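Single-structure report; data block below.
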Amino acid sequence: MSDSQDQEELTEEQKAHIAVLRRKFFRFVSIISVFGTVILLIVLRFTVYNYKSVDDYAVYIDHKDKFMRFNAAKGLGTFKDDPRATEILMKMLGDEAREVRWHAAASLSKLKDPRSVSSLIQALSREKDPSAKSIYIYTLGQIKDNRALPILISELNQNQKSNTNEEKVLQFSVVQALATFDSQETQNILKEFEKNQNTSKELKEFSIKMRESKGIPSNQS
């Protein structure tokens, strides 16, 4: 075989190699493109869109995609000066998706509208999910309306022994909520809770810390 033939065969091999590399490159670019598109869709799905009015979010409260609904619930928490935001969020407390109910309550904690107290109490009384119950309790504590005291006290007593982590989380939430009320009644309730033999050391210390943060000594009777 001559040198010119060897050179010609080598050239064909190079061409074939280049063709393989080219296919691999375009395949890689295609994969990256698809992956990037998926990431973008995920980001968009979980992003709270920067809409300028309650109406912009209101169109999504009945959307079939729960992620669109909870994005709307999060966004509505920024409209403190529009009473319609509270009204819509109160309705969203009855959503079938836990995530939507959670974010609706979280947004209500920012708005702190007393009109939402009754709806939050009703939602708390029927709620089964512990994480959702905790945010309802937190929100009631932020609003600090005396109408919430009976159900908060009931929640504190229901989980007195705190056998599970979920019950403990709920009690921490209730203690924190009750401590926000500037009344002697709630302080006395917490002190009795601290004295109860079923109250864990962690909860007792947390309760004392919460009361002292309000300027009330732990040994005050």
message = Between a residue in the stretch 168-186 that is surrounded by fewer than 21 Cβ atoms within 10 Å (Cβ to Cβ) and any residue that is modelled with pLDDT of 90 or more and of a type in the set (Lys, Arg), which pairs come within a Cβ distance under 7 Å, given they are 6 or more apart or on different chains?
response = THR180/LYS144
message = Against the conditions (1) within 17 Å of the chain's Cα centre (by Cα); (2) closer than 24 Å to GLU167 by Cβ; (3) surrounded by 16 or more Cβ atoms within 10 Å (Cβ to Cβ), where does ARG98 fall short? Just the number, please.
response = (3)
request  = Check SER125, SER118 and return the single one that is farther than 20 Å from GLU167 by Cβ, modelled with pLDDT of 95 or more and of a type in the set (Ser, Thr, Tyr).
outcome  = SER118
note = With the first residue restricted to the stretch 194-216 and required to be in contact (Cβ under 8 Å) with a residue 40 or more places away in the chain, and the second required to be among the acidic types (Asp, Glu), Cβ contacts under 9 Å at 6 or more apart or on different chains are LEU203/GLU194
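The values are calculated or read from the model by the stated rules, or taken from the named source; none is laboratory data. All of these numbers come straight from a predicted model, not from anything done at the bench. Positions of Cβ are backbone-derived with ideal geometry, glycine not excepted, and every protein chain shown enters the neighbour counts.
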